[in-house]
1. With in contact (Cβ under 8 Å) with a residue 12 or more places away in the chain and under 27 Å from A:Ala316 (Cα atoms) as the only criterion, which of B:Val154, B:Val204 stands out?
2. Return the pair list, or none, for Cβ contacts closer than 8 Å from residues in the range A:88-101 that are within 17 Å of A:Ser62 (Cα to Cα) to residues that are basic (Lys, Arg), at least 6 apart or on different chains.
3. Please verify whether A:Ala555 is in contact (Cβ under 8 Å) with a residue 60 or more places away in the chain and among the aliphatic types (A, V, I, L, M), treating the condition exactly as stated.
4. Of these, B:Leu540, B:Leu600, B:Leu563, which one is of a type in the set (A, V, I, L, M, F, W, C), within 23 Å of the chain's Cα centre (by Cα) and not in a helix (DSSP H, G or I)?
5. Could you tell me how many of the residues in the range A:26-70 are in contact with a Cys (Cβ under 6 Å, 6 or more places away or on another chain) and free of Cβ contacts under 8 Å to residues at least 60 places away in the same chain?
6. What are the residues in the range A:44-69 that are over 25 Å from A:Arg19 (Cα atoms) and touching a Gly at 6+ places or on another chain (Cβ under 9 Å), if any?
7. If a residue must be crowded, with 24+ Cβ neighbours inside 10 Å and touching a Gly at 6+ places or on another chain (Cβ under 9 Å), how many such residues does the range B:163-180 contain?
8. Would you check which residues across the range A:470-501 are touching a residue at least 60 places away in the same chain (Cβ under 8 Å) and touching an Asp or Glu at 6+ places or on another chain (Cβ under 8 Å) and list them?
There are 2 protein chains.
Amino acid sequence: LSASAAETVAVDFQPIGRRGHVKKDMTILDAARQLGVGLSSVCGGNGTCGTCKVRVQAGNVSPVTTVELELLSDEQDELRLGCQTELRGDATIHIPPESLTAPQRTQVEGRHVPIAPDPAVVAFELRLSPPTLVDLRSDAARLRAALPFPAASVDHRALESASLQLREHNWTVCTAVRDREIIAILPERTPLLGVAVDLGTTKVAGYLIDLTSGTTLAVRGAMNPQIAFGEDVMARIAMAMGEGDGRTRLHQSILVGLNSLIADLCAQIAANSQVVTDVVVVGNTAMHHLFLGLPVGQLGTAPYVPAESAAIDVKARDIGLEVAPGAYVHLLPNIAGFVGADHVAALLASRLDDASDHALLLDIGTNTEISLASRGRIVSCSCASGPAFEGAHIKFGMRAAPGAIERVQIHNQVVMYQTIDNLPPVGICGSGILDTVAEMKRVGILDVYGKMHSIPGMQRMPRKNEFVIAPAEETGISSDIVLRREDVNEIQLAKGAIAAGWNVLLTEAGLREAEIDRVLVAGAFGTYLDLRNAIRIGMLPHLPLSSIQQMGNAAGMGATMALVSKQERARAAEISRRVEYVELTTHPSFPDLFMAAMLL
Amino acid sequence: LSASAAETVAVDFQPIGRRGHVKKDMTILDAARQLGVGLSSVCGGNGTCGTCKVRVQAGNVSPVTTVELELLSDEQDELRLGCQTELRGDATIHIPPESLTAPQRTQVEGRHVPIAPDPAVVAFELRLSPPTLVDLRSDAARLRAALPFPAASVDHRALESASLQLREHNWTVCTAVRDREIIAILPERTPLLGVAVDLGTTKVAGYLIDLTSGTTLAVRGAMNPQIAFGEDVMARIAMAMGEGDGRTRLHQSILVGLNSLIADLCAQIAANSQVVTDVVVVGNTAMHHLFLGLPVGQLGTAPYVPAESAAIDVKARDIGLEVAPGAYVHLLPNIAGFVGADHVAALLASRLDDASDHALLLDIGTNTEISLASRGRIVSCSCASGPAFEGAHIKFGMRAAPGAIERVQIHNQVVMYQTIDNLPPVGICGSGILDTVAEMKRVGILDVYGKMHSIPGMQRMPRKNEFVIAPAEETGISSDIVLRREDVNEIQLAKGAIAAGWNVLLTEAGLREAEIDRVLVAGAFGTYLDLRNAIRIGMLPHLPLSSIQQMGNAAGMGATMALVSKQERARAAEISRRVEYVELTTHPSFPDLFMAAMLL
């Protein structure tokens, strides 16, 4: 038995937190497979694709191989390939987000920026003397007198429970105070919780935070239930503007979704949603308006101005959020019709307002918001990059779901791909589409105009203008999975819009591409795309990989920062005032830059 | 024809506003009867009762008679008796409230205190430039920039209509602003309206006011629909504290009533309730709490403290009031569990806080609130005077409704009475009960203990301890209408509680009864009772009639003052802070004073 035990090692995969024992000398890739960890591997472990990159945080592993030296040459030193690295002893392995297969990535993760908690809602533990015939002060007056500042008001819904709570808990309670308003009366020593929400067009991310410590207690991603009414922002604006109660239904739909998200977050730590005493919501301008129940007609018509751009504080109950009855929801400011509070949050999390270098932030999605910080200025724009990277308008396109091709490489005239959950392929998701286009261009199948050419040795074009990624016999849908010329054109439009966006900003700032010091890429797609391929097709500036940082859900991070700190809220307001918005549709340089940027 | 016309005169009865033509030389009482004006007349026009007092405001009438000189001796000079005064030409006749029969009195009238309007909600007419590609400010930012003060916020429900209103009205609108918040966007030059409400246990009075000028545009009284759940405050507190959804039902009930009252007020001037941009509500502490949806358990249990005593500002929509979506409702402060915001409003209207003399204010109802101003102090108390004056617990007692005996006099051993609408009597209402007790005492049927005695010549006591007011053959109910010894005792308890109340306050202030300079009597019953009789039975201090002023609905007046003036709101808050509340139930002098005050 001890001999057998000696032949296993303990392995701990982070950040997903899976642990287990595997045979000594097993590769990290095999160990991941055995423990159900979704480590990417396009070539299947042959050491040709380089997608199973990991970091060995602790433990004893086999030495670096020549395969690794070759494939990781322009990457950072500490990376290893999972298929090449054997476990010699117990080890802790960190899997970077880009090496995880889609199902194990969450929309909620993001790079944490440490800040000192300075929450808008603060707990005061009070021990009161009960009323007597010689002390007839009202319950509210008694609470007020016990607080260390004068003239507090008591929210009338908090007051509704106050008289009962005070008597039930023998006049010893925890009060949640915001500014000088008592917003909740709770049993003594109740930890005050807050919820930060990144309300995306497609996905919603929620964070349950301890307001006092700033600690994240639970995170959860969900689909935006408004998807049932239209996939993109313009479809929802059209629905809200149409006849009937479209706007109300969209408002109700997202509320139902958020209330269920908040309930799920609280259930994770067995907390009652009535102790959630603060909420911060960020989203693009249309989501922001639909959440508040505001009309969006003016967002769908030139010149596309928001109803409100300033930060908004409103009682959560007034919107219909099921949290503490006296709690507020804070909405960060918007910048413009298509640069919303979510981008302000991303700017906050990226600290671009503090940049002393030339730094570019891209939050890639159906709309891509871009900001460039340079010499104390921040210029921003919004590009209609479209839903191609989410699989829409692409013949075999699909979301990142089981069976989606998520990584593609062409190696010695052989197409290699990897699907989510290693299932027979049923379609191709954004990162797979980007890989395919970049690889086709690299090996010469695509020219700069997106036109397809046969190349010697590649048997992948049985029909003109269709490139086979997976032949029918390998797929789960009994047909070839192909990329058509039209699909390539969609990608050209999308990446062209994005590239034209940052090029216009460079023009505005008087900078050249090579002068950019840093690029921060935020958003789910931006976080999991292959940076090398994104540069190759011209979506991102041509810079060394080490200058590009993938931020994860920067908007969600910014929302949590604003949740736990009044200073961060003030900073967000300052950011929204400082940003100079550039309207691309009327910018003189835009048409030429867009035409040029569409080339591969 | 011209001869016939020459024999009629035009008469105009004020303040009820009835006009018409009557024969020349007709008495004012007959003219009132012909035009359907309810002028009181206990003796039926014989010149013996003195209840048909009127003021001749303009016009030519017959000279004063000796009957008048006798009956009006201790009244003010300008009064005349309607039955003695003949119309010699066209005339305008003012009927003081106490001379009107009950149905033509409204719960809403009150002595008007002139104040300079200084409303919380102010209109700003704005002419904006529309957004263009070079001016992309949000709608709210554009509104903010046009206002003459910085950093206004826009209520999110006002914002909901703002984007549409601005475009529909070509960027020229009227904005309603409260503090620095835009609470409504309306078509240009919309007059801003407000509603003041006196929320009584039995009756509700509403006033529709032009906020800019302070003018009253419409008034309306209604029953409090909560009556269906219990007649007095304690019954409603018990219902709210009981099992089930009693509190919610009471809250909903008053809301339905108030929304219907507001709609009726607006309908009177064909206004939309969406232009009502401010609301002030006053009521006793229990009504205040039930209106807000607060629990009232602590009001039903010693030491009877309110949940909140400070003034409250809350969005009207948050309570469920159907006015402008961004409007607030302001609730004046409470003083104690049984001295509510309605008494603060009465103090405000009576200017007792400014009194340089010794002035007593009584707001008589089921609970009677009393304040005494003396040497810069205001001491207040609440007496459980009970519902006897509303006809409850009195065998033939009833509300002031058609057929109720409302005035009683005993003249030369003959009992004279007057009923509302001159119908055969069916019962006796508060003022009639008070009159009966006082007259029985005056002629010696009652002794100081309330015991009944037969007196020579009076054939009104066929049974011991029952005094017949109206014999069966005269009534509409085929039985004698009597006052029993038990009924007299109820009145002794009620008036004793009130008298003990002001006597305790005199003790607190170190004053004697004779040192009181003024008495102000407020409330519906207090306004229409016979002051002489109220003094006679010891309910009011023994002072010359000229020192006693009947104020009408002082609480309603105070509510309208707070509606049109921020300064008045501040003054109300200051009043509530200054008032020294005296708890009668534990006051050492109360038992003795109460026992003494129960004597007739």
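The values are calculated or read from the model by the stated rules, or taken from the named source; none is laboratory data. Every value quoted in this text rests on a predicted model; they were computed, and no experiment measured them. In this analysis, Cβ positions are derived from the backbone assuming ideal geometry, glycine residues included, and neighbour counts consider all displayed protein chains.
1. Answer to the selection: B:Val154.
2. A:Arg88/A:Lys24; A:Gly89/A:Lys24; A:Ile93/A:Arg55; A:His94/A:Arg55
3. Yes: the conditions hold for A:Ala555.
4. Working: B:Leu600 fails: within 23 Å of the chain's Cα centre (by Cα); B:Leu563 fails: not in a helix (DSSP H, G or I).
From the options B:Leu540, B:Leu600, B:Leu563, the qualifying one is B:Leu540.
5. 4
6. A:Thr65, A:Val67, A:Glu68
7. Total meeting the criteria: 2.
8. Within the range A:470-501, A:Ala470, A:Val482, A:Leu483, A:Arg484 qualify.
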